[in-house]
Amino acid sequence: MNFIRMKYTKWFNISKDGLSKNNPIMIAVLGICSALAITNQVENALAMGAGVTFVIVGSSAVISIIRNFIPARLRMVTYMVVISSFVILVQMFLEAYFPFIFAALGPYLGLIITNCIVMGRAEAFASKNPIRYTLVDGLANGLGYTYVLVLISIVREALAFGTILNIRVMPEAWTDWVVMAIAPGGFFVLGAIIWIFRELTNNYENA
């Protein structure tokens, strides 16, 4: 009974780390490029979040399975090969079934390969833990990344275009904030969300 309780406690702690305590964007401040570049519309944020989550979970699972067979000097190369394979799958899927989103995300899809969140989970967690914990860690970090992107995109799309998921939410007389459609607007919204999150959780770095 104690073993089962300990196992579920570990799963809970891993999930909590990825979703809030060590959220990849709000705490670790990783994956900022995509958080600024593609969050001017909610559908783009959802697509990027789903893609990154798939890549993190899939690549971390593979690396966890083969971790004892990867030579130390080749580990980074191995990570890149595994991660790039999953990124290619995401690109092919979006290009085939969601070409407009594929075009909107552009080069940022390919840059998932160099996303510090994906590489960081491979090196910090997947290479050291069994797959049952690695899957939870990958999913938690992917979802933690995704919901921050969605929060940013809801604010930016509403202010920049007066819509959310292309559905009008602002009055017809609303004047679009053009700055919110470009990266500086994303930077402002991201900074505000990080500040609010850290205020609510009292999570600050000591000087």
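To keep it simple, each residue is scored yes or no on (1) under 19 Å from Ile193 (Cβ atoms); (2) at pLDDT 90 or above; (3) not in a helix (DSSP H, G or I).
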{"site": "Leu111", "(1), (2), (3)": "no, no, no"}
{"site": "Ile117", "(1), (2), (3)": "yes, no, no"}
{"site": "Asp137", "(1), (2), (3)": "no, yes, no"}
{"site": "Gly142", "(1), (2), (3)": "yes, yes, no"}
{"site": "Thr146", "(1), (2), (3)": "yes, yes, no"}
{"site": "Val150", "(1), (2), (3)": "yes, yes, no"}
{"site": "Glu157", "(1), (2), (3)": "yes, yes, no"}
{"site": "Met170", "(1), (2), (3)": "no, yes, yes"}
{"site": "Asp176", "(1), (2), (3)": "no, yes, yes"}
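For region 86-109, a residue qualifies if it is in contact (Cβ under 8 Å) with a residue 24 or more places away in the chain and either at positive phi or hydroxyl-bearing (Ser, Thr, Tyr) (or both), and exactly one does: Tyr108. Filtered by the rule that a residue be farther than 26 Å from Leu135 by Cα and either loosely packed, with under 14 Cβ neighbours inside 10 Å or of a type in the set (Asp, Glu) (or both), region 98-123 gives Pro99, Phe100, Ala103, Gly106, Pro107. Every test in (1) over 22 Å from the mean Cα position of the chain (by Cα); (2) within 11 Å of Val42 (Cβ to Cβ) is passed by Thr175 save one, and that test is (2). Cβ-Cβ contacts under 8 Å between residues 6 or more apart (or on different chains), taken from a first residue in region 174-194 that is under 12 Å from Leu36 (Cβ atoms) to a second residue that is among the small types (Gly, Ala, Ser) and at pLDDT below 90, are listed as Met180/Gly186; Ala183/Ala37; Gly186/Ala35; Gly186/Ala37; Leu190/Ala35. Flag set for Ile83, criterion: over 24 Å from Ala158 (Cα atoms), buried (at least 21 other Cβ atoms within 10 Å of the Cβ) and touching a residue at least 24 places away in the same chain (Cβ under 8 Å).
The values are calculated or read from the model by the stated rules, or taken from the named source; none is laboratory data. Just so we're clear, the structure is a prediction, and the values are computed from it rather than from any experiment. Quick reminder, even Gly has a Cβ in these numbers, built from the backbone with ideal geometry, and neighbours come from all protein chains shown.
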